[in-house]
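S.K.: Pasting a structure here, questions to come.
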Amino acid sequence: MIVPAVKQQESGPFAKAISAEVRAALARQRLTAKELAHRAGISESYLGKRLRDISPLNANDLEAICKALGEDIPAFITAALEAAKED
């Protein structure tokens with residue numbers, strides 16, 4: 001049986017703001033994406049695609065990432081939204 005390829009959803013402006021905030025948090029905490037992937041239980045490849053805005057993060061990803069970074073989810077989303085307004 002042949003399974004048709006599924007086109008991955010592109011990251012929109014909100015998803016890009018969230019991934020930018022994840023990258024900023026990594027820089028602030030001096031962590032690598034590899035370390036974050038391990039802490040969050042996400043594969044490095046999967047996380048890398050999201051951090052490069054190839055595909056958007058989903059709510060489960062965001063929850064795992066915030067937990068791994070010790071970040072409050074509502075505050076994290078607010079920071080991403082504020083940063084997006086500045087752009």
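S.K.: Lys pairs in the chain, Cα-Cα under 21 Å, at least 8 apart or on separate chains: how many?
M.R.: Going through the chain pair by pair, I get 9.
S.K.: Length gain on complete extension for the stretch R52 to L81, per 0.36 nm per residue less the alpha carbon to alpha carbon distance?
M.R.: 8.6 nm
S.K.: Let me ask you something else. At a Förster radius of 25 Å, what calculated FRET efficiency corresponds to the Cβ-Cβ distance of E35 and A59, to the nearest 0.05?
M.R.: 0.65
S.K.: Which is farthest toward the positive dipole end of the chain among Y46, A20, N58, measuring Cα position about the Cα centre, with Cβ charges +1 (Lys, Arg) and -1 (Asp, Glu)?
M.R.: In the chain, that residue is Y46.
S.K.: Tell me the mean residue ellipticity at 222 nm calculated for the chain from its helices only (DSSP H runs of n ≥ 4, each -39500 (n - 2.57), averaged over every residue, nearest 500).
M.R.: Result for the chain, helices only: -20500 deg cm²/dmol.
Laboratory data are not the source of any read-out in this text; all were calculated from the coordinates shown. Fair warning: this is a prediction, and the values are worked out from it, not measured in the lab. When we count neighbours, we look across all protein chains shown, and the Cβ atoms used for this are built from the backbone with ideal geometry, even at glycine.
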